[in-house]
Amino acid sequence: MSEKIKYQLEYDLKCSTKVLFARLSTPSGLSEWFADDVNLRGDIYTFIWDDSEEKAALLNVKENKHVRFRWDGEDEETYFEFRIEIHELTGDLALIVTDFAEKDEQESAIELWNSQIDNLKRAIGL
């Protein structure tokens, strides 16, 4: 198995921090754009798409700032994270997505994130 490479993507969004954070951290919010359905038991989120499901542990959360998950079965060093940043000069809100992918899968992973963020924008009315 190849080593996974960390990458970050930045998306400018015109919405409030609270509205965005709810869509990144709650099962109901995540099921609006990230998966068909999301269930939570303890710190384990179950993401459901069509006929498949994946579990992810909630590693860290800071309200209105960031949420970090690790897919079940992944290495300790890998995770996916949503971080909300406000640009100092403009006051604009940016969503920073951090993820890991094998080198030959990184391009398709970025395309998937772009598609998912388009779904997120629609969910929050952008």
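FYI, it's all coordinate maths here, none of it is from the lab. Since this is a predicted model, take the numbers as computed values, not measurements. Every residue, glycine among them, receives a Cβ derived from its backbone with ideal geometry; neighbour counts consider all protein chains shown.
Close amide H partners of residue 59, meaning residues 5 or more places away or on another chain with modelled amide H under 5 Å apart, are 68, 69, 70.
For residue 62, a cut-off of 17 angstrom between C-alpha atoms picks up these lysines, skipping any fewer than 8 places away in its own chain: 18. Setting aside same-chain residues fewer than 8 positions from residue 103, which lysines have a Cα under 22 Å from its Cα? Filter leaves 4, 6. Averaging Cα coordinates gives a centre for the range 28-69 and one for the range 3-20; these two points are 15 Å apart. Only DSSP H runs of four or more residues enter the estimate; each adds -39500 (n - 2.57), and after division by the residues of the chain the mean residue ellipticity at 222 nm equals -7500 deg cm²/dmol.
For the range 4-123, what is the per residue volume of the convex hull drawn over the alpha-carbon atoms, in cubic angstrom?
Values: hull volume 13.7 nm³, N = 120.
That works out to 114 Å³ per residue.
Among the trypsin sites (Lys or Arg not before Pro) in the range 1-60, those placed in a DSSP loop whose Cβ has at most 13 other Cβ atoms within 10 Å are 14. Note on residue 76/residue 116: beta-carbon distance plugged into 1/(1 + (r/R0)^6) with R0 of 30 Å gives a FRET efficiency of 0.75.
Summarising the amide proton neighbourhood of residue 15: residues at separation of 5 or more, or on other chains, whose placed amide H is nearer than 5 Å comprise 93.
Where does the charge balance sit around residue 24 when Lys and Arg score +1, Asp and Glu -1, over other residues with C-beta under 12 Å from its C-beta?
On the way: positive: 18, 23, 62, 65, 68, 83; negative: 32, 63, 81.
Summing Lys and Arg as +1 and Asp and Glu as -1 gives +3.
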